[in-house]
Structures are given as structure tokens and as C-alpha cells.
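Chemist: Starting off with a structure, shown below.
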Amino acid sequence: MPTKKEIIGVIKNVGLWDTKSIEGALEEQEKTGTPLKEIFQNRGMLPFGEISPSFYFQMGIVQRELPAREIPQDIIPILPSKIVKTHRIVPWERREDGKIVLVSDNPLNILSSEYFKEIVGSDTIKGVDVIITFPEEIDQLIDKYYAQEEMEDLSQMLQDASSATVDMDSPETEILDTEDESLALQAPVVKIVNLVFVEAMRRRASDIHFEPLEKKFRVRFRIDGLLYEVVAPPKRIERPVLARLKLMAKMDLAEKRLPQDGRIMLEIGGKPIDFRVSSLPGIYGESIVLRILDKSSMMKGLEELGFLADDLKSWEALLQYAGGLVLVTGPTGSGKTTTLYASLQTLNTMDRKLMTVEEPVEYQIPGINQSPVNSEIGLTFASILRAFLRQSPDVILVGEIRDFETADIALRAALTGHLVFSTLHTNNAPGAITRLIDMGAPPFLIASSVQGVMAQRLVRLLCPYCKEKIEPDEEMSKILRIKPGEEVNVCKPKGCNECNFTGFRGRKGIFEIFAMNDELRELTLRRASVSELRQAAIKNGMKLMFDDGIRKVRLGITTMDEVLTVTGE
């Protein structure tokens with residue numbers, strides 16, 4: 001990486017700025033603490049916006065990918081959090097020669113090395129070197145090492161939350177429609193809600209629960225399927241916070257007797273995030289739950305869902321059919337929608353027309369025609385599906401089969417040459433066949449149309465940073481079918497900063513894939529029971545979800561307790 005002196009020489013040679021202009025900007029930074037990029041832009045030396053890659057090239061700077069490692073705890077506090085976030089520069093390491101290495105995504109920070117050395121202010125530091133990396137790297141470092149202070153700010157704000165009350169005689173209140181609206185617009189309330197959103201994203205939460213109880217107001221996050229209480233705001237700010245959430249979700253603030261649904265769209269950390277909002281009246285007030293829909297986490301490829309090689313091959317084989325019904329089953333929150341979206345992306349090519357009917361449309365996928373259900377005006381799954389068949393689609397996704405009418409149209413569409421995907425709520429894959437029969441669908445239509453069913457559950461993954469290998473005892477070895485002398489990688493959770501000391505980080509699926517063949521079609525025509533279908537499918541090579549879970553325990557991906565909990569074995 002070039003030194004400050006070398007960069008100034010390059011800048012002068014290519015005619016970007018003269019020495020006097022650079023020195024003047026550096027002096028202003030020393031006096032005001034403003035980021036150098038902002039000073040240059042305000043002085044007309046740089047255009048506003050992002051710095052182009054050609055600028056890096058002109059200055060002789062190459063952006064580096066940072067190695068995956070922890071920043072030593074003793075150097076994290078060297079720069080104040082405010083400086084880190086304002087200048088986008090993070091302490092990285094202390095070298096043997098006594099210099100501190102800082103990393104940034106702004107090449108101008110190399111010119112500011114003396115400024116940062118003054119801020120560090122230690123006689124033991126011999127100098128400061130700045131390495132330039134990519135914006136994504138700096139975002140991750142700031143989120144990981146400095147976001148906790150935002151939660152401390154939140155806790156402090158909650159302690160001082162009495163300031164969120166409103167003076168009803170103020171001029172601002174007079175122009176508002178309701179008292180609740182005036183409460184919702186108070187600055188402390190706005191900041192509290194925003195900080196909760198930011199902390200939920202930092203902790204990888206899938207839901208935020210605001211719950212009024214008799215003597216407390218509780219806020220909980222659902223992380224990797226489990227609920228954790230994160231803050232306990234004072235009861236007195238319950239009303240302003242709930243009003244703020246309803247206002248953001250465009251709900252009726254005056255209606256507190258009926259459930260309501262809404263949506264909030266925000267940009268957090270440069271990513272567009274949708275929140276699906278549900279309010280429900282209770283005896284102590286309205287409970288509000290926000291489901292976080294992060295498009296970047298939803299748009300996964302099939303290989304990221306947790307399939308082992310043989311299951312991935314079996315599922316991809318089902319996607320190759322030109323027509324037929326393919327089902328994904330499991331309870332709410334088992335990852336069915338994520339699997340279907342990943343499958344649609346595989347099929348989303350220029351020569352295919354893909355159409356979906358969903359309630360609601362959670363994620364918008366480029367190149368796919370998506371239609372939302374609206375039961376209030378008669379726009380149901382069945383009515384939209386009928387209209388789809390006149391649109392000449394190749395692939396159809398039905399969000400969920402809930403009744404005979406939808407099942408009948410989906411099965412007949414599959415029989416007439418369309419590849420149809422949908423979901424059902426059943427405990428296992430063979431159970432989907434008997435569920436369709438229970439809905440009233442004719443067995444001959446099911447046998448002719450259904451190509452395959454996949455049941456799935458989500459298990460928590462062991463944190464890769466802290467999991468510990470163990471030797472299974474005799475009982476566990478028997479369950480895991482470990483042969484004498486066989487090498488396995490069974491691990492247990494420990495807990496670290498990366499996983500919020502839970503020992504787990506993220507979730508992936510365990511699967512059970514039921515592919516139709518002649519024997520299974522014959523059993524379907526005879527209205528065979530679930531157990532008969534299950535035994536025949538196992539004989540034809542189907543692996544149970546429990547078996548898939550066992551394989552992932554042996555590989556050190558998850559734990560025995562997780563598999564037993566989600567499969568109910």
C-alpha cells in the first residue's frame with residue numbers, strides 16, 4: 001500500500017489537486033474532525049457520491065480482502081466508536097514495529113494517518129498505517145464490534161423514556177389528528193423504535209415481538225427459531241411505541257378492538273428490509289409482531305439450504321419435469337417458502353413463463369409474474385389459478401393448498417402439462433397424499449399428477465467459531481449408528497461473541513423426499529394409509545428426516561438434541 005507521501009506525489013503528477021489544496025483540507029480536518037472525503041466534496045475537489053474505482057487506480061491503491069479472523073480485544077477501543085463510524089475506519093492489528101494498522105474503505109484516509117495517530121494519542125504507538133478494503137468488509141466489522149454500543153444507547157434511552165411523553169398543549173399536538181399520533185411522532189419514541197430495528201437486524205432476528213403484559217412492556221426477538229427477551233422498556237412508554245409502530249405500518253391508530261395487518265419498508269445498513277406487521281388486541285393492550293423479510297437472506301440458491309449431495313440430486317430431478325405437482329410440506333416457519341423461491345430461481349430462465357399466487361407476496365423476484373390474494377374482493381387462490389391457465393404459463397407456484405377447489409385446479413393444471421409447486425401442512429412427505437384425499441381430491445388425479453413431495457424442518461447450526469468436538473457415548477453411538485473405529489465429527493455447542501453465547505448460528509433444513517413411482521401410484525389409487533406409503537417409499541430409497549438429521553450430526557453440522565426436538569422422534 002502506498003504511503004501518504006507517495007500518494008501526494010501521484011496526485012500532483014496526475015493533476016488531481018495541488019499540495020496547497022491537500023494541506024488546507026488536512027488542516028480543516030484537524031480543526032473540525034470532519035471526514036476528509038466530505039471536506040474534499042464541500043471544497044469542490046471531489047464529486048458527491050461514491051468514489052469511482054478509477055480514482056483508486058489513479059492513486060495506486062489496491063483494495064484488499066481481509067482474512068477471516070478476530071480483531072484483538074486490546075486494540076478495539078483505540079479509536080472511539082464515533083470516529084470509527086464517521087470516518088469508516090477500524091483498528092485492525094498492532095505490528096511488532098509498534099505501528100497500528102487501520103482498515104478503511106476510503107482511500108483518502110491514508111492521507112489522514114497523522115490525524116488518526118493524534119486521536120490514538122499513545123506514546124507507545126510509533127505510527128499508523130491504513131489499509132484499504134471493500135465497503136462490505138467495513139460494514140461487517142462495524143456491525144460486529146461497534147453495534148453493541150447502539151444497544152447500550154437504547155437501554156439508556158429506555159431508562160430515560162419518560163421524556164417520550166407529550167405536552168398536549170404544544171402547538172405540534174394541535175395540528176395532529178389524534179393524541180396517539182402526536183405521541184408516535186415524538187423524537188425519543190422515533191429513536192427507540194429505530195434502535196430496536198437496528199438491533200434486531202444485527203442479531204439476525206426473524207421476528208420482533210412487542211408484548212404488553214400486566215406490569216411490564218416486553219420486547220423479544222426470535223433468533224434461529226427461539227425467542228429471547230432483549231429489552232424491557234418502562235410500561236409508561238408502551239402506548240407511544242405501539243402507536244409509532246401502527247403509524248409506520250399505515251394502520252388505523254384509533255382502532256384497538258380488532259386485529260390489523262400492515263407493512264413497513266425501511267433501508268437498514270444499505271439493505272431494503274420489509275416488516276410484515278400484525279396487531280392483536282389483548283387484555284393488557286395490543287400485541288404487535290413484526291416479521292422481518294430480508295430479501296438478501298431469502299434469495300438463496302438450492303445449495304445454501306442444507307441439502308446433502310444425494311438429496312440435492314433428488315430434488316433437482318423433480319424440478320426437471322415439464323409437468324406435474326411438486327409439494328413442500330412442514331409446519332409454519334419450517335422454511336417451505338425459502339425452498340420454493342430457491343427452486344423458482346433455478347427455473348427462472350428466458351424461455352419459461354413463471355407465475356405465482358401468494359398471500360401475501362413476500363418477496364418480489366425479477367422476471368416472475370406474482371399475484372397477491374385478496375379475499376375481500378373474491379380474489380382467491382382458486383380464482384387466480386383459473387386465470388393463470390389462460391396466461392399460458394410453464395411454471396406455477398400456489399402459495400398454499402388449503403381447500404378442495406384449489407387442490408382440484410392445481411392437480412388438473414399439473415395434469416395438463418404445467419409444472420405446479422405448492423405447500424401443505426403435513427408432518428411428513430407421504431402424509432401429503434392422504435391429506436389431498438381427505439380434501440376430496442380423487443385418488444386417480446393425485447396418482448396421475450403428483451411427481452413428488454418434500455417434507456422439511458429447520459435445525460439450528462452449531463456455531464463454526466466455537467463448536468467443540470466430542471466423543472459420543474455408547475447410547476449416542478447407537479443412535480448415530482457409529483461402527484467401531486469409524487471416524488465421525490460429532491460436536492457440542494459452547495458459546496462465543498459470534499453466536500451471542502448460544503452455541504448456535506443460523507439454521508438449515510433437514511429433508512425427506514418422496515418421489516412417485518409406479519408402486520406408490522398404485523398404493524395411492526387404493527387409498528393406502530400413510531404408514532403403507534411410508535414403508536413403500538423407504539423400500540424404494542426414501543431417507544427419513546430423522547435419518548438426514550443423523551447424518552448432519554455425524555458431520556458436526558448440528559446436535560442430536562436439535563434433530564430429536566424438530567423431528568419428534
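Chemist: Over the chain, average the accessible area per residue using a 1.4 Å probe and give it in Å², no decimals.
Modeler: For the chain, the solvent-accessible area averages 49 Å² per residue.
Chemist: What angle, in degrees between 0 and 90 and rounded to the nearest 10, separates the Cα long axis of helix 148-159 from the longest principal axis of the Cα atoms of the chain?
Modeler: So the inclination is approximately 90 degrees.
Chemist: Stretch Asn540-Val62 to full length: gain in nm at 0.36 nm per residue minus the Cα-Cα span?
Modeler: Result: 166.5 nm gained on full extension.
Chemist: Please find the FRET efficiency linking Arg203 to Leu564, where r is the Cβ-Cβ separation and R0 is fixed at 25 Å, and quote it to the nearest 0.05.
Modeler: So, using R0 = 25 Å, E works out to roughly 0.45.
Chemist: Kindly state, to the nearest 0.05, the FRET efficiency for Glu229 paired with Glu522, given R0 = 35 Å and r defined as their beta-carbon distance. Before the final figure, lay out each step's value.
Modeler: Details: r = 53 Å, r/R0 = 1.52.
E between Glu229 and Glu522, to the nearest 0.05, is 0.05.
Chemist: Right, here's the next one. Quick one: Debye curve from the alpha-carbon atoms of segment 174-249 only, equal weights, vacuum; give me log10 I(q)/I(0) at q = 0.25 Å⁻¹ to two decimals.
Modeler: One equal scatterer on each Cα of segment 174-249 leads to -1.20.
Chemist: OK, next. Rounded to whole Å, give me the distance from the Cα center of segment 84-104 to that of segment 453-472.
Modeler: Value for the Cα centre distance between the two parts: 35 Å.
Chemist: At 7 Å along Cα-to-Cβ for each site, give me the label-to-label distance between Phe404 and Cys496 in nm.
Modeler: 5.8 nm
Chemist: Before rounding to the nearest 500, sum -39500 (n - 2.57) across all DSSP H runs of length at least 4 in the chain and divide by the residue total; then give [θ] at 222 nm in deg cm²/dmol. The partial results should precede the final answer.
Modeler: On the way: 24 runs with 219 residues, N = 569.
Rounded to the nearest 500, the figure is -11000 deg cm²/dmol.
Chemist: Based on Cα positions only, what radius of gyration and what Dmax would you give for segment 467-545, in angstroms?
Modeler: Values for segment 467-545 (Cα only, Rg and Dmax): 19.2, 56 Å.
Chemist: R0 = 51 Å: FRET efficiency of Ser21 with Glu474, Cβ-based, nearest 0.05?
Modeler: Efficiency computed from Cβ-Cβ geometry: 0.10.
Chemist: Once the mean 1/r over all distinct Cα pairs of segment 222-267 is inverted, what Kirkwood radius in angstroms do you read off?
Modeler: 12.8 Å
Chemist: Still on this structure, I have one more. What's the carbon and sulfur percent of segment 433-569's accessible surface, probe 1.4 angstrom, rounded to a whole number?
Modeler: Roughly 48 percent of what the probe reaches on segment 433-569 is carbon or sulfur.
Chemist: A follow-up question, please. Pairs Lys467/Lys543; Lys494/Lys543; Lys144/Lys494; Lys469/Lys539: which are spaced more than 24 Å apart, C-alpha to C-alpha?
Modeler: The pairs that break the limit, which is 24 Å between Cα atoms, are Lys467/Lys543; Lys494/Lys543; Lys469/Lys539.
Chemist: Follow-up question, since we're still on this one. If we sort 456-469, 485-498, 390-403, 312-325 on the protection proxy, mean other Cβ atoms within 10 Å, highest first, what's the order?
Modeler: 456-469, 390-403, 312-325, 485-498
Chemist: Here is a further query. If I measure Cβ to Cβ between cysteines in the chain, which ones have no partner under 4.7 Å?
Modeler: Cys491
Chemist: Here's another thing I want to ask about it. Where does helix 545-554 land angle-wise versus the long Cα axis of the chain, in degrees 0 to 90, nearest 10?
Modeler: 40 degrees
Chemist: Any chance you could get the radius of gyration and Dmax over the Cα atoms of segment 410-471, in Å?
Modeler: 18.1, 54
Chemist: If the cut-off is a Cα-Cα distance under 17 Å, which aspartates and glutamates reach Lys82, setting aside same-chain residues fewer than 8 apart in sequence?
Modeler: Excluding near neighbours in sequence, the set is Glu30, Glu38, Asp105, Glu118, Asp139, Asp143, Glu149, Glu150, Glu152, Asp153.
Chemist: Lys539 accessible area, nearest 10 Å², 1.4 Å probe?
Modeler: Estimated to the nearest 10 Å², Lys539 gives 150 Å².
Chemist: Mind checking which lysines have their C-alpha under 29 Å from Lys216, skipping anything on the same chain fewer than 8 residues away?
Modeler: Cross-link targets: Lys191, Lys235, Lys246, Lys250, Lys256.
Chemist: Can you tell me the orientation of helix 336-347 relative to the chain, as the angle in degrees between its alpha-carbon axis and the longest Cα principal axis, to the nearest 10?
Modeler: Its long axis makes an angle of about 90 degrees.
Chemist: Further question: Per residue, what volume in Å³ does the convex hull of the Cα atoms of segment 333-421 enclose?
Modeler: Roughly 100 Å³ of hull volume per residue.
Chemist: Can I ask one more? In terms of solvent-accessible area of protein heavy atoms at a 1.4 angstrom probe, what is the ranking of Ile75, Ile377, highest value first? Present the calculation step by step, with values, prior to reporting the outcome.
Modeler: Numbers: Ile75 0, Ile377 125 Å².
Reading off the accessible areas and sorting them downward yields Ile377, Ile75.
Chemist: Using only Cα positions of segment 285-444, each an equal point scatterer, no hydration layer, compute I(q)/I(0) via Debye at q = 0.11 Å⁻¹ and quote the log10 values to two decimals.
Modeler: Normalising to I(0) and taking log10 leaves -0.44.
Chemist: Which three lengths, in whole Å and largest first, does segment 446-508 cover when its Cα atoms are put on their principal axes?
Modeler: Taking max minus min along each principal axis of the Cα atoms, segment 446-508 gives 51, 36, 17 Å.
Chemist: If you take all C-alpha pairs in segment 250-322, what percent of them are over 14 Å apart?
Modeler: Result: 71 percent of Cα pairs exceed 14 Å.
Chemist: Right, another one. Around Val103, which amide H atoms from residues at least 5 apart in sequence, or from another chain, sit under 5 Å from its own amide H, with H modelled in the peptide plane?
Modeler: Result for Val103 returns Val90, Trp92, Ile131.
Chemist: Output the Kirkwood hydrodynamic radius of segment 193-290, Cα pairs only, in Å rounded to one decimal.
Modeler: Kirkwood hydrodynamic radius for segment 193-290: 13.7 Å.
Chemist: Sticking with this one: Leaving out ligands, DNA and RNA, and with a 1.4 Å probe, what % of the accessible surface on segment 305-426 is carbon or sulfur?
Modeler: 51 percent
Chemist: Kindly write out, for segment 63-71 in residue order, the coupling ³J(HN,Hα) from the Karplus curve 6.51 cos²θ - 1.76 cosθ + 1.60 (θ = phi - 60°), rounded to whole Hz, with x marking Gly and Pro.
Modeler: Per residue, the Karplus-derived 3J(HN,Hα) values read 6, 10, 7, 7, x, 6, 7, 7, 7 Hz.
Chemist: Follow-up question, since we're still on this one. Wrap a convex hull around the Cα atoms of segment 420-528, take a quarter of its surface area, and give that in square nanometres. Please report the intermediate quantities before stating the final value.
Modeler: Values: hull surface 41.4 nm².
Computing the convex hull of the Cα atoms and averaging its projections yields 10.4 nm².
Chemist: So what are the radius of gyration and Dmax for the Cα set of the chain, in Å?
Modeler: Taking only Cα atoms of the chain, I get Rg and Dmax of 28.7, 90 Å.
Chemist: Please compute the length gained on full extension between Arg95 and Ser529, using 0.36 nm multiplied by the number of residues separating them and subtracting their Cα-Cα distance.
Modeler: So the extension gain works out to 149.3 nm.
Chemist: Do you know the relative contact order of the chain, to the nearest whole percent, from alpha carbon pairs under 8 angstrom that are 6+ apart?
Modeler: 8 percent
Chemist: Something else: Using alpha carbons only, what's the Rg to Rh ratio of segment 91-144 with Rh from Kirkwood?
Modeler: 0.98
Chemist: Mind checking the dipole of the chain: about its Cα centre, +1 per Lys or Arg Cβ, -1 per Asp or Glu Cβ, Debye to the nearest 20?
Modeler: 1100 debye
The values are calculated or read from the model by the stated rules, or taken from the named source; none is laboratory data. Since the structure is predicted, the reported quantities are computational estimates derived from the model, not experimental observations. All Cβ positions, glycine included, derive from the backbone under ideal geometry; neighbour counts span all protein chains shown. These accessible areas exclude ligands, DNA and RNA; they are computed on the full protein's heavy atoms, side chains included. Shrake-Rupley method; radii C 1.70, N 1.55, O 1.52, S 1.80 Å.
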